[in-house]
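Down below is the structure, laid out as structure tokens.
The values are calculated or read from the model by the stated rules, or taken from the named source; none is laboratory data. Just so it is clear, the structure is predicted and the values come from calculations on it, not from any experiment. As a convention, Cβ positions derive from the backbone with ideal geometry for all residues, glycine included, and neighbour counts pool all protein chains shown. Ligands, DNA and RNA are excluded from the accessible area calculation, which covers all protein heavy atoms including side chains. Shrake-Rupley method; radii C 1.70, N 1.55, O 1.52, S 1.80 Å.
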Amino acid sequence: MTSPLDPPDGNWWDRAVNRRETIWLGIAGAWSLGIFAWMSGFTRFGDQNPIGETYDVEPEAYAATVDTYEENAETTSTAAIEESRAPTEEERQDVLVPPSKSVYVFPRRFSWGGLPVVLEAGTEYDIHLSSADVQHGFSVRPEESLSQQINLQVFPGTEWVVPMSFDEPGTYQVICNEFCGQGHASMHGTFYVVDPAEYETVTGE
Amino acid sequence: MLATITRLFENDYDEDGFRTCSVTGLNIHRSAEVHVKLFGLTAVIAMIVGGLFAFSVAMTRWEVVGLIGEFEGYYRHLSMHAWNLLIFWMVFMEIAVLYVGGPIVLGRRLPLTKVAKAGWGIMVAGALAVNYFIWTLSGGSDAPLLTAYVPLDVPLGFYGGAILFLLGATVAALPFLVSIIQQKREDWNGTLPLVAFGAFVTFVIAVQAILGGIAAFSYAFIWQAGIIDTINAGIYRQLYWIIGHGSQQINLLAMITVWYFLTHVVGGAVVASEKVSRTAFIMYLFFINLGAAHHLMVDPGLSAGWRIFNTSYAFYGAAFASMIHAFAIPAGLEAGRRQRGLGGGLFGWLTSAPWKNPIFASTIFSIILFGFLGGITGVLMGQMQLNMTWHNTYATVGHFHATVALGTTLAFMGLVFFVIKTMFQRNFISDRLALLVPYGYAAAMGLASLLMVYIGILYGVPRRTSQVVSNIIGSEFSLSAAEPLFLILGPMTLLAIIVGAVFVLVAVGSLLGGSRTTESDAQALLPQGGLVPDGGSDSVHAVEMRGTFTLCLVFMAAFVTLYVLNWFLLTQLWSIGA
Ligand code: HEM
Ligand SMILES: [Cu+2]
């Protein structure tokens, strides 16, 4: 009788292993390699990978970039987007229209700089993420389908450029899911993703 | 009062300070036993403190109750909960596990008892400091929560306390190492018993983790002290997770060691294959610490190759090792019980087991729930792409409550009960209440963890916030679709806390008011036929293990199903990433 409290006697290394235990080792080993292969293969053939270029950038420098970006951006309004019409001149203020395919997101305690923004469905944008102060959590989901959500970590001092293309038009809600201080629960922002056919109308171009 | 406490540390020892345990047959020296009790009791105190905060945290997250608002100190409460339970309850217990796995199993005295006491003292000082600096946090500073991520403005003293605690743990672990060295000196060619071997691997992994922790907190410390001007969030996270996850590996290894130990003593398990079980421990030694990287899956600045290699523990070397134990431990039980003729058929060995023994029930529920809930969710969320959908959601909280709060805590509760019976030699004040603990806690915490996972994955509810489900301040958007699930989760967390309180009641009550155990009480703990019935070790492999095999196949089926479902959910998302 072998007890885990006593030293094993004799040549325990060469003792036979139960047949079913051996089979299990095979199954568990194959599964381990299989899920490794799938994860690594998915970076090649899959469409959802948390991968993008990163750069070191001081928060002040990033802030300057975001300023320039915002100056070059047109604006439109939530009401125009929701009603699929052109914005009136007075309305134009609360939603950014990115001047190119680069979209800057700039969280600080406790708001999402760069948001809300309006994007065209099916177009690939480079989402730039960097923080002004502490770490934040970029957590995005379409309003109507809460289970389709993703989360990325945002650092101060690092700019992460993650390409994204929102296939379905809709309102995508952003909240912060990394603790960033008292007030953290109130951080929220929005991506408005509109049908390409309506994009020009609602952005007033 | 003092007399009551000193009495707790007494037993009948012979002139050399040894006694023979009437349950395990181990030769126990006073020095080892006293220190196991010391660390074990301290752990229970930490658990009580952390448990009180489980109440305020759980009743805040149940927004219908909404106990503590974000600006009324919720994050302080959450920090107290995390540090007292995950760090202090666990690490004090782990030092006790090392002393059991080393000196007690080997039948030696504990060497360097002064060092052990000093280690305990430093740990206590560190723990008090951490509690103090969290609790007295003032307006300007930030609560650390578990992770104390820089550049949050976490008080300098907090980092100091954390460093102190880790240093203390290293000091307290030294006597264990020395006892292993002494054993090896005396008998170089001898093989350590499996439990001592497991404890030794636990020790090595603990040292690696603690060094990482000291590095992380020192880095933050010198920054908060103004010695360096800037601090890099990514580097801190890498260092931090060496301890942040490393401490979970310590929990895991200590727990597995306890599983081998308790299934043997109260269930009659044997070792199905020394070679296989020891190889699995060795694989942990090499691979498990890589897994810390799975906390960095959605961090910028790390290459995909680095992340994939590390999160997979090098091709799932450590997950494979866990699946080996997942077979080996129940198989040991099956083989041991079959050899004794206890129960035939596919599962007779299991159904005939001592389910009315709270120590046995705690151990088995720990094994099953850790594997099915904690293990599977851990591998899922540790896949780089799936992590995007799990990271920092409530599902993460569900995962680690399934592992540490459910699996490890249950195993350690079983161990505390065992120590009360065999070392403190007290009967439970109520056998019924004692038995309620494993059943009630497993059910409540099991369901609670599962619901947390659902809430996180299906509704994207984040962790670490006091209010988002019913209302996100300043926004019309909310996650209120998840509210119905909270109606079940809330009461379940409350129930888990109540059962936790029953555990404390039984443990403390029995220590203070339980009757002394007699020889027959001790015998009643043992599996039928005693601990060491006849039967050759050569024949273990030939015993049927089909019950275990079936259970493992069910496990694998659940694993594969959940894996496919999670990936399906992921591919429903818009396209992300280069
Ligand atoms: C009845 C028992 C328990 C209940 C009801 C409970 C409840 C909770 C809840 C609701 C949270 C999430 C709070 C949030 O993210 O806002 C939490 C966090 C946590 N719990 Fe527990 N818990 C229990 C026991 C334990 C145990 C035994 C441990 C460790 C051994 C533990 C370790 C943690 C940790 C590490 C956190 C995360 C803290 C952070 O985010 O920094 N809990 N707990
Ligand atoms: Cu934030």
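Within region B:383-408, residues that are within 16 Å of ligand 2 (Cβ to nearest atom) reach partners that are open to solvent by 20 Å² or more (accessible area, probe 1.4 Å) with beta carbons closer than 7 Å, at six or more positions or on different chains, in the pairs B:392/B:463; B:393/B:463.
Check whether at least one residue in region B:462-470 is aliphatic (A, V, I, L, M) and in contact (Cβ under 8 Å) with a residue 24 or more places away in the chain, and report yes or no. Yes, region B:462-470 has at least one match.
Table: residues versus (1) small (Gly, Ala, Ser); (2) out of contact with any Ser or Thr (no Cβ under 8 Å at 6 or more places or on another chain).
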residue	(1), (2)
A:130	yes, no
A:134	no, yes
A:137	yes, yes
A:140	no, yes
A:143	no, no
A:151	no, no
A:156	no, no
A:160	no, no
A:168	no, yes
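For region A:160-182, a residue qualifies if it is open to solvent by less than 20 Å² (accessible area, probe 1.4 Å), at the interface with chain B (Cβ under 7 Å from one of its Cβ atoms) and farther than 20 Å from residue A:51 by Cα, and the qualifying residues are A:173, A:175, A:179, A:181.
Comparison of B:437, B:469, B:461 shows that the only residue that is within 14 Å of chain A (Cβ to nearest Cβ) and surrounded by 24 or more Cβ atoms within 10 Å (Cβ to Cβ) is B:461.
With the requirement that a residue be among the hydrophobic types (A, V, I, L, M, F, W, C) and either away from ligand 1 (no atom under 13 Å from the Cβ) or within 14 Å of another protein chain (Cβ to nearest Cβ) (or both), what does region B:244-253 give you?
Answer for region B:244-253, where residues must be among the hydrophobic types (A, V, I, L, M, F, W, C) and either away from ligand 1 (no atom under 13 Å from the Cβ) or within 14 Å of another protein chain (Cβ to nearest Cβ) (or both): just B:253.
Would you point out the residue of region B:58-73, among those that are assigned to a helix (DSSP H, G or I) and surrounded by fewer than 24 Cβ atoms within 10 Å (Cβ to Cβ), that is nearest to ligand 1 (Cβ to nearest atom)? The qualifying residue nearest to ligand 1 (Cβ to nearest atom) is B:58. Checking A:23, A:35, A:27, A:51 one by one, the residue that is of a type in the set (Val, Ile, Thr) and more than 7 Å from chain B (Cβ to nearest Cβ) is A:23 and no other. Does region B:442-458 hold any residues that are of a type in the set (A, V, I, L, M) and either crowded, with 22+ Cβ neighbours inside 10 Å or more than 7 Å from chain A (Cβ to nearest Cβ) (or both), and which are they? Matches in region B:442-458: B:442, B:443, B:444, B:445, B:447, B:448, B:450, B:451, B:452, B:453, B:455, B:457. All told, residue B:332 falls short of being open to solvent by less than 10 Å² (accessible area, probe 1.4 Å), facing chain A (nearest Cβ under 9 Å) and at pLDDT below 90.
Check whether at least one residue in region A:116-137 is in a loop (DSSP other than H, G, I, E, B), out of contact with any strand residue (DSSP E or B) (no Cβ under 8 Å at 6 or more places or on another chain) and within 7 Å of chain B (Cβ to nearest Cβ), and report yes or no. The answer is no, given that none of the residues of region A:116-137 is in a loop (DSSP other than H, G, I, E, B), out of contact with any strand residue (DSSP E or B) (no Cβ under 8 Å at 6 or more places or on another chain) and within 7 Å of chain B (Cβ to nearest Cβ). Identify, please: which residue in region A:185-205 is in a strand (DSSP E or B) and away from ligand 2 (no atom under 16 Å from the Cβ) and is, among those, nearest to the other protein chains (Cβ to nearest Cβ)? The selected residue is A:193. Scanning for something free of Cβ contacts under 8 Å to residues at least 40 places away in the same chain and in a loop (DSSP other than H, G, I, E, B), does region B:542-558 turn up at least one residue? Looking through region B:542-558, none of the residues is free of Cβ contacts under 8 Å to residues at least 40 places away in the same chain and in a loop (DSSP other than H, G, I, E, B).
Taken together, the criteria exclude residue B:508 from residues that are more than 29 Å from the chain's Cα centre (by Cα) and either touching a residue at least 40 places away in the same chain (Cβ under 8 Å) or within 16 Å of ligand 2 (Cβ to nearest atom) (or both). The set of residues in region A:54-72 that are more than 7 Å from every other protein chain (Cβ to nearest Cβ) and either in contact with a Ser or Thr (Cβ under 8 Å, 6 or more places away or on another chain) or at positive phi (or both) comprises A:55, A:56, A:57, A:59, A:62, A:69. Scanning region B:178-201 for residues that are touching a residue at least 60 places away in the same chain (Cβ under 8 Å) and away from chain A (no Cβ under 14 Å) yields B:178, B:179, B:182. Candidates are the residues of region B:388-418 that are more than 10 Å from ligand 1 (Cβ to nearest atom) and of a type in the set (Phe, Trp, Tyr); the one that is farthest from the other protein chains (Cβ to nearest Cβ) is B:417.
Could you go through region A:174-184 and let me know if any residue there is within 22 Å of residue A:101 (Cα to Cα), in a strand (DSSP E or B) and either out of contact with any Asp or Glu (no Cβ under 6 Å at 6 or more places or on another chain) or within 16 Å of ligand 1 (Cβ to nearest atom) (or both).
yes
Take the residues in region B:57-93 that are among the aromatic types (Phe, Trp, Tyr) and away from ligand 2 (no atom under 16 Å from the Cβ), then tell me which one is farthest from residue A:180 (Cα to Cα). Out of the qualifying residues, it is B:92.
To keep it simple, each residue is scored yes or no on (1) touching a Lys or Arg at 6+ places or on another chain (Cβ under 8 Å); (2) crowded, with 24+ Cβ neighbours inside 10 Å.
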site	(1), (2)
B:244	no, no
B:259	no, yes
B:267	yes, yes
B:278	no, no
B:286	no, no
B:289	no, no
B:309	no, no
B:323	no, yes
B:336	no, yes
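The residues of region A:1-45 that are surrounded by 13 or more Cβ atoms within 10 Å (Cβ to Cβ) and either in a loop (DSSP other than H, G, I, E, B) or touching a residue at least 12 places away in the same chain (Cβ under 8 Å) (or both), listed by number, are A:1, A:2, A:3, A:4, A:5, A:6, A:7, A:8, A:15, A:16, A:17, A:18. Looking only at residues in region A:46-80 that are buried (at least 20 other Cβ atoms within 10 Å of the Cβ) and among the small types (Gly, Ala, Ser), the one that is nearest to residue A:162 (Cα to Cα) is A:52. With the structure loaded, tell me whether residue A:205 is open to solvent by 30 Å² or more (accessible area, probe 1.4 Å) and more than 16 Å from ligand 1 (Cβ to nearest atom) or whether it fails that test. Criteria met by residue A:205. Going through (1) within 16 Å of ligand 1 (Cβ to nearest atom); (2) over 16 Å from the mean Cα position of the chain (by Cα); (3) facing chain B (nearest Cβ under 7 Å) one by one, residue A:157 falls short only on (1).
I'd like to know if region A:82-100 contains one or more residues that are open to solvent by less than 30 Å² (accessible area, probe 1.4 Å), within 14 Å of chain B (Cβ to nearest Cβ) and either free of Cβ contacts under 8 Å to residues at least 40 places away in the same chain or of a type outside the set (D, E, K, R) (or both). No, there is no match, as no residue in region A:82-100 is open to solvent by less than 30 Å² (accessible area, probe 1.4 Å), within 14 Å of chain B (Cβ to nearest Cβ) and either free of Cβ contacts under 8 Å to residues at least 40 places away in the same chain or of a type outside the set (D, E, K, R) (or both).
In the set A:130, A:139, only one residue is within 16 Å of ligand 1 (Cβ to nearest atom) and polar (S, T, N, Q); that residue is A:139.
Scanning region A:142-152 for residues that are away from ligand 1 (no atom under 16 Å from the Cβ) and over 13 Å from residue B:468 (Cβ atoms) turns up A:142, A:143, A:144, A:145, A:147, A:148, A:150, A:152.
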